[in-house]
Amino acid sequence: MADIRALPVTSELVDYAVSHGSWPVDAVLADLRAETSALGGPAGMQIGPDQGQLLTFLTRLVGARRAVEVGTFTGYSSLCIARGLVEGGTLLCCDVSEEWTAIGRRAWERAGVADRIDLRLAPALDTLRGLPTDVPVDLAFIDADKPGYLDYWQELVPRVRSGGLLLADNVLWSGAIIDPANTEANTEALRGFNAAVAADDRVEAVILPAFDGLTIARRR
Ligand SMILES: C[S@@+](CC[C@H](N)C(=O)[O-])C[C@H]1O[C@@H](n2cnc3c(N)ncnc32)[C@H](O)[C@@H]1O
């Protein structure tokens, strides 16, 4: 089937778009991307500047005071979320890598948001299960191991306030999600996750066919 979109999303076009939005890429974000690129292969896990800008925008849109991120890596997405928080707001970050998040910590310091970020180095499910259920979360971003997505979702949905947002990255998995020949574990996990979100009447949701596919769900 022919591509229904005529827009060629080149990196130059993304740069143009981001530079014409609020919160253009500053030196801290640019340096963080460069430092992450030097890691080689893992750098592909980092969200793009356009998605980072959208995260700041959505965080502002819901007036987030309390946010949770599952999958921090070198801290690009967390920096974008932290920058969108209201005064006094906090972001809880979940990851298992001391090495990768150390890069993030330095960037957060430099950006002046380190005091808003609480990084927990532990399996995310343990961290999420330990969160209180009576302290409402305004925004949650899931971007860690794909087989864990549904468990993270089930822990987060009851904690997100009505009108709050749950976001999940990579849900179209480079298009593999609709390739029946692809039965790889991550692909199957994301298929299960997408089906569960679509059937979950606690939320209203869309999958944005941008980036690598981004679920944006609003808690009813
Ligand atoms: C795709 S990267 C996150 C990218 C990040 N959001 C960004 O934009 O730069 C996934 C991260 O999830 C972390 N991770 C994988 N399994 C995890 C688990 N069970 N608990 C917590 N973090 C985990 C990895 O260490 C990795 O840093």
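Structural remarks
- Residues in segment 44-65 that are of a type in the set (A, V, I, L, M, F, W, C) and open to solvent by 20 Å² or more (accessible area, probe 1.4 Å): Met45, Leu54, Phe57, Leu61, Val62.
- The residue pairs whose first member lies in segment 154-177 and is closer than 15 Å to Ala196 by Cβ, whose second member is among the basic types (Lys, Arg), and whose beta carbons are closer than 7 Å, counting only pairs six or more residues apart or on different chains, are Glu155/Arg129; Val157/Arg202; Val157/Arg219; Leu166/Arg219; Ile177/Arg191.
- Residues in segment 62-102 that are among the acidic types (Asp, Glu) and either assigned to a loop (DSSP other than H, G, I, E, B) or in contact with a helix residue (DSSP H, G or I) (Cβ under 8 Å, 6 or more places away or on another chain) (or both): Glu69, Glu87, Asp95.
Residues checked against (1) under 18 Å from Val157 (Cα atoms); (2) among the aliphatic types (A, V, I, L, M):
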| position | (1), (2) |
| --- | --- |
| Gly84 | no, no |
| Ile117 | no, yes |
| Asp126 | yes, no |
| Pro132 | yes, no |
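- So Gly89, is it within 13 Å of the ligand (Cβ to nearest atom) and open to solvent by less than 10 Å² (accessible area, probe 1.4 Å): no
- Residues that are surrounded by fewer than 17 Cβ atoms within 10 Å (Cβ to Cβ) and within 17 Å of Ala144 (Cβ to Cβ) within segment 189-210 comprise Gly192, Ala196, listed in sequence order.
- Only one of Ala82, Ala114 that is away from the ligand (no atom under 14 Å from the Cβ), within 25 Å of Ala43 (Cα to Cα) and either open to solvent by 20 Å² or more (accessible area, probe 1.4 Å) or of a type in the set (A, V, I, L, M) (or both): Ala114
- Filtered by the rule that a residue be open to solvent by less than 20 Å² (accessible area, probe 1.4 Å) and within 9 Å of the ligand (Cβ to nearest atom), segment 98-107 gives Thr101, Gly104.
- Verdict on Asp179 being open to solvent by 50 Å² or more (accessible area, probe 1.4 Å), closer than 23 Å to Thr74 by Cα and away from the ligand (no atom under 13 Å from the Cβ): no
The values are calculated or read from the model by the stated rules, or taken from the named source; none is laboratory data. Just so we're clear, the structure is a prediction, and the values are computed from it rather than from any experiment. Note: ideal-geometry Cβ built from the backbone for every residue, glycine included; neighbour counts use all protein chains shown. What goes into the accessible areas is simple: the full protein's heavy atoms, side chains included, and nothing from ligands, DNA or RNA. Shrake-Rupley method; radii C 1.70, N 1.55, O 1.52, S 1.80 Å.
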